[in-house]
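Before any comments, here is the structure.
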Amino acid sequence: MPNSLPRTAHHREREQRGERGWTECLALSWENDRLSLVVETSLLFCNRFRVKNMARQGRGPTSTWELPRLAANAPDPKHRESLMLFGQFVGDWQILECRVLTAPGSWRELVGELHWRWVLRGRAVQDVWTLFDKSTGKLFYEGTTIRLYVPETGTWASTWISTSRPRARSFVGRSIGNEIVLDEIVEDAAHQERWVFFDITPNAFRWRGEERPNDDSSWKVTEQMRIQRVA
């Protein structure tokens, strides 16, 4: 994939007229059995680019915007059935309950929202998770995931990026029984971590995060959520 976007005659024409806007281009590449995310700031010339600030009660400002060529309306027909493993979650959800283990025997109570959309010509899905402290309403963490189906292996390359806890984490996802399991890709880590979607219905599901030391002991739940569809 090229490191910069091609400049077409259309782009040059719009540049001469001064119609331009800054945005970000997300490029995906698959190397050595893992997903690499390259986010580069590029100068894009587009017909429709807008940023509108909206105040949300008790949660401060947020933004809506359009990024050309990112959004898709449906899954890629070529792999439609396989893409529905995560495609079934496309829509808007409310995180009714989230419990995070902050210390042995101590759980923090959170609530939040979750949004999924088709992206990149329907070959991937992207989601945004936002969690707030249940008692104070303050933002606890937020982040986004890009999930790309890999036909050659029948698995999903999944990369999570969080701004609240700045880091990128890579996972391999697959269906195991009635659950969807994502195993983190790590090197020389002191422990293993996996994320699990379970009790899945069209309008609700549960999610849990689990950890265990590399000595192959039992998995320990460190985070769990109860989530319900709203649209």
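Side notes on the structure shown:
- Residue in segment 52-85 that is modelled with the lowest pLDDT, counting only those that are part of a loop (DSSP other than H, G, I, E, B) and basic (Lys, Arg): 59
- Strands (runs of 3 or more DSSP E) wholly inside segment 121-225 that include at least 1 residues being closer than 19 Å to residue 95 by Cβ: 124-133, 139-150, 155-162, 179-184, 191-201, 204-213
- Test: residue 210 is free of Cβ contacts under 8 Å to residues at least 24 places away in the same chain, over 16 Å from the mean Cα position of the chain (by Cα) and assigned by TED's automatic domain parsing to the domain that holds residue 114: yes
- Any hit, segment 140-153, residues being more than 30 Å from residue 68 (Cβ to Cβ) and either surrounded by fewer than 15 Cβ atoms within 10 Å (Cβ to Cβ) or among the hydroxyl-bearing types (Ser, Thr, Tyr) (or both): yes
- Filter result for residue 101 (under 29 Å from residue 178 (Cα atoms), surrounded by 16 or more Cβ atoms within 10 Å (Cβ to Cβ), touching a Phe, Trp or Tyr at 6+ places or on another chain (Cβ under 8 Å) and modelled with pLDDT under 95): yes
- Every condition in (1) over 14 Å from residue 157 (Cα atoms); (2) under 18 Å from the mean Cα position of the chain (by Cα) holds for residue 183 except the one numbered (1).
- Criterion (assigned by TED's automatic domain parsing to the domain that holds residue 82 and within 20 Å of residue 75 (Cβ to Cβ)) met by exactly one of 218, 135, 175: 175
- Checked against the criterion of being within 20 Å of residue 210 (Cβ to Cβ) and either without any contact (Cβ under 8 Å) to a residue 40 or more places away in the chain or among the β-branched types (Val, Ile, Thr) (or both), the candidates 80, 99, 108 yield just one match: 108.
The values are calculated or read from the model by the stated rules, or taken from the named source; none is laboratory data. What you see is a predicted model; the values in this text were computed from it and never measured. With ideal geometry, Cβ positions are generated from the backbone for all residues, glycine too; neighbour counts draw on all protein chains shown.
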